[in-house]
Amino acid sequence: MAYLEITLKVNDADRPAGAAVYQRYKQPFLDTVPGATSKELLLREDDVQVLHGFKTAAQAQAYLSSELFTNDVVAGLSPILQGDPEIRIYETA
């Protein structure tokens, strides 16, 4: 099992727009991305995190260059981001 964690800096006023992007692409992510097992939106005081579950770390890495991520998710979030996202991939033991 592997996790892709994307941390986003978003102004409080833009959080509903970010949540809308998450909701719009959650099911397509689960239905079409190879190895996808879960997707969760984590709201924190300072930032927002999206935690994606995958069967393997290679599948998590591949998602970052997929059409769904680059053409849809990134395009939808770009107007509200307050800096570059922080991206990390973790593997479970």
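What follows draws every value from the coordinates through simple rules; no lab data is involved. Note that the structure is predicted; figures quoted are calculated from it, not measured.
Relative to its residue count, the chain spans a Cα convex hull of 85 Å³ per residue.
Expressed as a rounded percentage, what relative contact order does segment 20-92 have, with Cα pairs under 8 Å and six or more residues apart?
Reported relative contact order: 26 percent.
For the chain, the longest principal axis of the alpha carbon atoms and the long axis of helix 15-32 meet at an angle near 20°.
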